[in-house]
1. So which pairs qualify, if the first residue must be in region 151-174 and within 12 Å of Val194 (Cβ to Cβ), the second must be at pLDDT 95 or above and among the charged types (D, E, K, R), the Cβ gap must be under 7 Å, and the two must be at least 6 apart or on different chains?
2. When the residues of region 188-202 are narrowed to those that are assigned to a loop (DSSP other than H, G, I, E, B) and in contact with a Gly (Cβ under 9 Å, 6 or more places away or on another chain), which ends up farthest from Gly170 (Cα to Cα)?
3. Of the conditions (1) surrounded by 17 or more Cβ atoms within 10 Å (Cβ to Cβ); (2) part of a helix (DSSP H, G or I), Gly60 clears all except one; give me its number.
4. Given the conditions (1) out of contact with any Phe, Trp or Tyr (no Cβ under 9 Å at 6 or more places or on another chain); (2) crowded, with 17+ Cβ neighbours inside 10 Å; (3) at negative phi, and given that Leu222 satisfies all but one, which numbered condition is not satisfied?
5. From the residues in region 231-261 that are without any contact (Cβ under 8 Å) to a residue 12 or more places away in the chain and under 17 Å from the mean Cα position of the chain (by Cα), which one is nearest to Leu108 (Cα to Cα)?
6. Within the bounds of region 217-238, is there any residue that is of a type outside the set (A, V, I, L, M, F, W, C) and farther than 30 Å from Arg22 by Cα?
7. Looking at (1) of a type in the set (Asp, Glu); (2) assigned to a loop (DSSP other than H, G, I, E, B); (3) in contact (Cβ under 8 Å) with a residue 60 or more places away in the chain, which is the one condition that is false for Glu112?
Amino acid sequence: MTTSSAAATAASIVDACVLVGRSRFGGELTLPAAARQAGDLGVHTLIVTSAAPADRDLPGATERLLRAAAATGLAVRVEVLARVDPWEPDAVGAAERALAGGAVGVFLHPWEETFRINEHALLDPLLRLLAAEGRPVVVEGGYPWVSEPAQLADLAVRHPEVPVVATRGGHMNMSGLSGQTALRALRAAPNLRVLTSGVYRQDWLAGVVDELGAERLCYGSLAPVLEPRMELLRPAALTDPVARDLVLAGNATQLFGLDSR
């Protein structure tokens, strides 16, 4: 399947996680470049968040993204996830201001900000804010020691009113029992969802749809860390057209409240 035929499988496509800006760990994707590439692939909405900025000023990076997303002239619609470092003293305040300014949720990167996603004393205040605001949290999933499937489930079970969305299917290494532990996490936490980014096992995606429902999956490229032209092929290859359209657009539209914006 080519990328052009993949784009034709849904009336609209939402890419639920793209990292924008220059990362202090290497790599850069500008917002105009991300929007142009998305338009070429038939994606009509990008959910973007900030790459790790060199100055570590995540609130400032989020504010700049919100301003850029509101500007005209981009090839696609852009919405913003507020990237938050929970170690910062004003993390909850920064998230609250970003949500009031138009952010559709919060993004957490446990590996780059060095915290465990189920470090409850650290995360509880932020999750209580998201529960009150009715907004999701998107987590870079699958990193050893900090965001493994059982840890993601622990967070989601503790905060059942908050949609918890893990990138990479919640697990990076799909060999051995890794996929099974991610399935166990999904079974344990009905509010846990996963992005298709990096999940090269098509049978695993189909298994989630068959057992738990297409509502538990969203397309998210995780560009530029992963290649969106390849990532789009995975959900677009789902054989059930209803499930395919939910994964490509419908679930993210509901999750981020896009119809009401």
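The values are calculated or read from the model by the stated rules, or taken from the named source; none is laboratory data. None of the values given here were measured: they were computed from a predicted structure. Using ideal geometry, Cβ is built from the backbone for each residue, glycine included, and neighbour counts are taken over all protein chains shown.
1. Pro163/Arg193; Val165/Arg193; Thr167/Glu140
2. Arg201
3. Just one mismatch for Gly60, condition (1).
4. Looking at each condition in turn, Leu222 falls short on (3).
5. Gln254
6. No, because not a single residue in region 217-238 is of a type outside the set (A, V, I, L, M, F, W, C) and farther than 30 Å from Arg22 by Cα.
7. Glu112 satisfies all of (1) of a type in the set (Asp, Glu); (2) assigned to a loop (DSSP other than H, G, I, E, B); (3) in contact (Cβ under 8 Å) with a residue 60 or more places away in the chain except (2).
Yes/no matrix, rows are residues, columns are (1) closer than 28 Å to Pro53 by Cβ; (2) among the charged types (D, E, K, R):
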position	(1), (2)
Phe107	yes, no
Arg116	yes, yes
Leu127	yes, no
Val138	yes, no
Ala150	no, no
Ala153	no, no
Met172	yes, no
Arg187	no, yes
